[in-house]
1. Determine, for each peptide in 166-176, 79-89, the mean count of other beta carbons within 10 angstrom over its residues, then list the peptides with the highest first.
2. So with the 1.4 Å probe, I'd like the accessible area per residue for the chain, rounded to whole Å².
3. At 1.4 Å probe size, with the rest of the protein present, what percent of the exposed accessible area of the chain is carbon and sulfur atoms?
4. Wrap a convex hull around the Cα atoms of the stretch 213-307, take a quarter of its surface area, and give that in square nanometres.
5. In nm, to one decimal, how far is the GLN173 label point from the ALA63 one, both placed 7 Å along Cα→Cβ?
6. Once the Cα atoms of helix 212-234 and of the chain are each reduced to a long axis, what angle between those two axes, in degrees from 0 to 90 to the nearest 10, is obtained?
7. Could you point to the residue in PRO266, CYS291, ALA335 farthest towards the positive end of the stretch 235-339's charge dipole, with +1 and -1 charges on the Cβ of Lys/Arg and Asp/Glu respectively?
8. Which of these, LEU120, LEU327, LEU273, has the largest mean-square fluctuation under a Gaussian network model of the chain (Cα springs below 10 Å)?
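The values are calculated or read from the model by the stated rules, or taken from the named source; none is laboratory data. Owing to the predicted nature of the structure, the values given are computational and were not obtained by experimental measurement. No Cβ is skipped: glycine too gets one built from the backbone with ideal geometry, and neighbour counts run over all protein chains shown. Quick note on the areas: whole protein, heavy atoms, side chains included, nothing else; ligands and nucleic acids left out. Shrake-Rupley method; radii C 1.70, N 1.55, O 1.52, S 1.80 Å.
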Amino acid sequence: GSPPPQPPRQPPAHLFGEPPKSAADSPCAAMTTKHFASSWLQSLTTKLEALTEWTWAADRRGACAVHRNLFREFFSFQFQKTLALVDEAKKTEFLGVVERNLYKFEPNAQQFPLLCLCALLQHGKDSPKTQEKIGAWVSFLIERLRRPSVPTGGAPQQAIADVIEECLSAPFQKFVPVMEDSVRNRLMDGLGERLAELQEDTQRRILDGMPALPARIDEVIGGCTKELNAWLAAAPRYPATPLALADALSKMEHPLVRFFTTLKDPSRKEAFLTAGALALQGLRTRFRWMCAVEPDLESLGSELQRKLFTVEGGQGPVMELWLSGRLKRYNAEVATRTASLIGGDYIKCESLKAKLQGRFPEGGGSATDEDS
């Protein structure tokens, strides 16, 4: 008999989209893909070799479009994906071509990113060579940030605005997670030194666009809070000396401390202010003698109170009022929790009383004091 009818032939599935895994993994497909990657890298090499050196005059004439297009292409996902398809020798050779032609790119915003990218692709993120290149870029940015300030009320220097735009750029953001902690913190601290000169909307854009900056603010504030609380818990006994307090208060002059109001966790913000207020209030009362031992404490305390506890618009210093309100609230919370824990049990009450008295400084009461 005649053979059964055959269904109409369907075109290969990969013509409508991604090829199936088996086809993509076949030797023929792999060879074709590698050939395409090699051809593309050769095309980029030709463009790099033919590129003219970037100048301000050429940029103003609109003659540097190729520079910008190549720069964007090198930071595209497609480029890194294609580079991974060729063997190590071809990749190293091409990255050498990029490094050899770096001088042709814009020196401030393009050369450092490309230099770091080449190091990252050749040596990996943990390599000292990569970290050295990233550190050099960060040092260059910090040097530009530390140029002389403009007069009060003037517009921010263009150099500061340029550095901020560079830090917010997509190429730079790719390297922020790769940086060593010390390098990242150094950059965030440098930004903090000039951040106050900018308009509030610009500050907000930086804080929103660079997550490492709010994280650094939180780290600095947390460190100050921890150190002050440790000092308050031990004072006036060693090691909570007047010099130790002066060191702790000096750290609160860090440029990022003024941005404590940007902390998203209200409890961390309140803990910082409470620790600061208790230390400053102590310098006015029971630790007043420390100002004679360490003269810098008086000026440090006055300056910090002005920065942290002064409300503009006629209210003036509010530290004592603010601290009094917080302590009343804390005491009320302690009383409520204590009553719920003890529940009228005399033995529990005496046990808790003995434990608490051991936590207070000497001279704060004795176990036989009926009113304590």
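1. Details: 166-176: 16.6, 79-89: 13.6.
By packing density, highest mean first, the sequence is 166-176, 79-89.
2. Numbers: 22480 Å² over 372 residues.
Computed with neighbouring chains in place, this is 60 Å² per residue.
3. Values: 12740 of 22480 Å².
The C+S portion of the solvent-accessible surface of the chain is 57 percent.
4. Values: hull surface 22.1 nm².
Over every viewing direction, the Cα hull of the stretch 213-307 projects on average to 5.5 nm².
5. Computed distance between label sites GLN173 and ALA63 equals 3.4 nm.
6. 20
7. Ranked along the dipole, the leading option is ALA335.
8. The residue with the greatest mean-square fluctuation here is LEU327.
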